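Only one structure is covered here, and it is reproduced in the block below.
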Amino acid sequence: EAILPLVINTWSFENASVTAWRSLQVGASPLDAVQRGCAACEEEQCDGSVGFGGHPDETGETTLDALIMNGDTMEVGAVGDLRRVKNAVGVARAVMEHTHHTLLVGESATEFAQDMGFTSESLSTNNSMNTFSQWLSQKCQPNYRKNVFPDPSVSCGPYKPRAEVKPRQKRGLINLRSHDTIGMIVIGRSGQVVAATSTNGASHKVPGRVGDSPIAGAGAYADSAVGGAAATGDGDLMMRFLPSFLAVELMRSGVEPTAACETAIYRIKKHYPEVFGAIICANRTGGFGAACNKVSGFSQFPFTVFNPQSNRPQLHKVDCV
Ligand code: SD4
């Protein structure tokens with residue numbers, strides 16, 4: 001009575017869903033399907049939050065995080081702070097297939113990608129450069145440094161990336177509607193669970209910042225014995241709770257996907273009630289659910305499901321807790 005295969009992803013990224021589903025239909029493996037699904041989002045720059053040309057860091061550069069996980073073998077490949085390579089999930093796959101490592105970062109990840117034949121090109125676009133110059137031209141720039149009294153997240157005057165360090169703030173800075181990482185779980189007909197993520201992270205981040213998306217158990221997790229999960233939201237805070245791992249472990253102990261997702265969100269909410277975060281969960285029989293944290297301006301989280309019952313990418317919305 002399993003309803004498989006299943007493709008489920010964060011947000012209303014329908015092309016990603018269709019791409020993964022069609023890949024399965026023509027006999028591709030779940031791993032290939034999840035990779036192609038996320039790559040479709042990278043190419044179309046989903047919501048400006050995936051792939052090149054989005055969310056420039058403090059210096060104006062766009063950098064990428066991505067992960068892919070095989071729930072049969074528990075192999076993971078990931079890249080963080082990847083520069084000048086558009087297909088981040090492809091590089092993550094190459095880390096998994098062609099190294100004994102799990103995570104490569106920064107310029108060295110770029111070098112690895114070049115060795116593997118990926119093209120090196122600028123990730124900047126007119127759009128990302130405009131975002132950057134608009135930010136710079138504001139009198140006070142919201143940023144991720146804790147350096148200016150009284151609001152530690154705003155720097156006024158000529159922007160100085162390096163400044164004295166002040167006590168940490170508890171509230172994240174992720175701007176609600178502009179950070180829509182793709183996280184996708186694919187479960188093949190025979191129950192192979194895989195997951196992947198791809199994102200350009202957070203606008204105006206400190207260079208070197210790596211979010212939750214390329215961290216196994218944070219951005220996504222997959223175990224074919226149980227199911228999979230993938231998260232989106234304020235990665236700097238979410239990654240402290242490994243929500244994807246927690247959700248999978250809850251499902252392992254028999255909790256239904258929706259309840260597993262909710263518990264993972266509640267765990268974060270307890271410490272950071274204002275965190276913007278959401279998670280999708282699926283179990284190996286094709287059951288699925290999602291949860292999000294209700295914060296001002298965000299009360300429903302959309303996610304996309306493709307299975308034999310829907311026969312098309314179906315948009316779901318879950319009310320936040
Ligand atoms: C990050 N989790 O880099 C990503 C951003 C995101 O929806 O998912 N936004 O923190």
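The values are calculated or read from the model by the stated rules, or taken from the named source; none is laboratory data. This structure is a prediction, so every number in the text was calculated from the model and none was measured. FYI the Cβ positions are ideal-geometry reconstructions off the backbone, even for glycines, and counts take in every protein chain you see.
Structure summary
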{"quantity": "Filtered residues of the range 1-18 (kept if crowded, with 22+ Cβ neighbours inside 10 Å and not in a loop (DSSP other than H, G, I, E, B))", "calculated": "L6, V7, I8, N9, T10, A16, S17"}
{"quantity": "Failed item in (1) over 21 Å from V210 (Cα atoms); (2) among the hydroxyl-bearing types (S, T, Y); (3) modelled with pLDDT under 95, with S153 passing the rest", "calculated": "(1)"}
{"quantity": "The range 191-218: number of residues that are more than 22 Å from N143 (Cα to Cα), more than 12 Å from the ligand (Cβ to nearest atom), touching a residue at least 60 places away in the same chain (Cβ under 8 Å) and small (G, A, S)", "calculated": "4"}
{"quantity": "Residue count for the range 296-315, restricted to those that are at pLDDT 95 or above and either acidic (D, E) or within 14 Å of the ligand (Cβ to nearest atom) (or both)", "calculated": "3"}
{"quantity": "Qualifying residues in the range 178-190 (those that are within 8 Å of the ligand (Cβ to nearest atom) and part of a loop (DSSP other than H, G, I, E, B)) - the one farthest from T304 (Cα to Cα)", "calculated": "H179"}
{"quantity": "Search result, residues across the range 264-288 that are surrounded by 19 or more Cβ atoms within 10 Å (Cβ to Cβ) and farther than 17 Å from D236 by Cα", "calculated": "I280, C281, A282, N283, R284, G286, F288"}
{"quantity": "Close pairs (6 angstrom Cβ cut-off, 6 or more residues apart or separate chains): closer than 18 Å to G286 by Cα in the range 227-245, assigned to a helix (DSSP H, G or I) and more than 12 Å from the ligand (Cβ to nearest atom) anywhere", "calculated": "G227/M251; A229/A247; A229/V248"}
{"quantity": "Elements of type helices (runs of 4 or more DSSP H) contained in the range 219-317, each with 1 or more residues being farther than 16 Å from M184 by Cα and among the hydroxyl-bearing types (S, T, Y)", "calculated": "257-271"}
{"quantity": "Filtered residues of the range 53-84 (kept if within 13 Å of the ligand (Cβ to nearest atom), assigned to a strand (DSSP E or B) and not β-branched (V, I, T))", "calculated": "L64, D65, A66, L67, A78, G80, D81, L82"}
{"quantity": "Filter result (farther than 14 Å from A290 by Cα and polar (S, T, N, Q)) within the range 224-251", "calculated": "S224"}
{"quantity": "Residue in the range 234-244 that is nearest to K205 (Cα to Cα), counting only those that are surrounded by fewer than 24 Cβ atoms within 10 Å (Cβ to Cβ) and out of contact with any helix residue (DSSP H, G or I) (no Cβ under 9 Å at 6 or more places or on another chain)", "calculated": "D236"}
{"quantity": "Residues located in the range 269-321, provided they are charged (D, E, K, R) and within 21 Å of G227 (Cα to Cα)", "calculated": "R284, K317"}
{"quantity": "Members of the range 219-233 found to be more than 6 Å from the ligand (Cβ to nearest atom) and crowded, with 24+ Cβ neighbours inside 10 Å, listed by number", "calculated": "G219, A220, Y221, A222, G227, G228, A229, A230, A231"}
{"quantity": "Qualifying position, being surrounded by 24 or more Cβ atoms within 10 Å (Cβ to Cβ) and modelled with pLDDT under 95, among G37, G71, G54, G80", "calculated": "G54"}
